[in-house]
Amino acid sequence: MSTEGTRFAISMEVRPEDIDLMGHVNNTVYLRWVQDAAVAHWHILAPAEERETILWVVRRHEIDYKRPAFSGDTLKVETWIGKATRFAFDRHTTIINVSSGRILALARTVWCPIDRKTGKPADVSPAVRDIFSIPA
């Protein structure tokens with residue numbers, strides 16, 4: 001894991017079970033990696049009391065697949081925050097093949113904060129808004 005300015009990155013190794021019938025990483029695995037990076041970023045930066053009260057759900061995924069990944073590839077999954085409204089927080093992700101430096105996929109995901117107790121959309125604290133959004 002690393003943080004570079006406002007970007008956060010984790011490494012992923014492509015496992016044999018990530019491969020589909022076409023011989024490359026299945027598209028659903030890319031979405032798992034997008035989510036894994038976002039969750040790791042939340043756990044690293046969010047105050048403990050916020051992690052105990054707020055959960056996040058995806059409202060929308062947009063992903064552009066540029067190149068395939070194959071078993072054994074090492075990837076860098078880099079994510080950063082975007083603009084936010086009351087219940088819609090943009091997050092961007094790039095998946096890069098470490099050995100070639102080539103971008104494999106670009107994603108934009110819209111997340112909604114959820115109150116852990118009620119299961120309903122929740123307003124976040126000013127601290128969370130400062131950490132996980134840029135001014136609209």
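Among residues of the range 89-102 that are more than 30 Å from ILE54 (Cβ to Cβ), those with a beta-carbon under 8 Å from a residue that is charged (D, E, K, R) at least six positions away or on a different chain give the pairs ASN97/ARG67; ASN97/ASP73; VAL98/ASP73; VAL98/LYS76; SER99/ASP73; ARG102/LYS66; ARG102/ARG67. So in the range 23-43, with the set limited to residues that are touching a residue at least 40 places away in the same chain (Cβ under 8 Å) and over 13 Å from the mean Cα position of the chain (by Cα), which one is surrounded by the fewest Cβ atoms within 10 Å (Cβ to Cβ)? Selected residue: GLY23. For the range 1-22, a residue qualifies if it is modelled with pLDDT under 95 and either in contact with a Ser or Thr (Cβ under 6 Å, 6 or more places away or on another chain) or open to solvent by 50 Å² or more (accessible area, probe 1.4 Å) (or both), and the qualifying residues are MET1, THR3, GLU4, GLY5, THR6, ARG7. Within the range 62-79, identify whether any single residue is of a type in the set (A, V, I, L, M) and touching a Cys at 6+ places or on another chain (Cβ under 9 Å), and answer yes or no. Looking through the range 62-79, none of the residues is of a type in the set (A, V, I, L, M) and touching a Cys at 6+ places or on another chain (Cβ under 9 Å). Those residues that are open to solvent by 50 Å² or more (accessible area, probe 1.4 Å) and among the hydroxyl-bearing types (Ser, Thr, Tyr), I need them from the range 83-117; list them, please. Residues satisfying the conditions are THR85, SER99, SER100.
The values are calculated or read from the model by the stated rules, or taken from the named source; none is laboratory data. The structure presented is a predicted model; accordingly, all values stated were derived computationally and were not measured. Because the Cβ atoms are built from the backbone with ideal geometry, glycine has one as well, and the counts that use them run over all protein chains shown. Note: areas computed on protein heavy atoms with side chains; ligands, DNA, RNA excluded. Shrake-Rupley method; radii C 1.70, N 1.55, O 1.52, S 1.80 Å.
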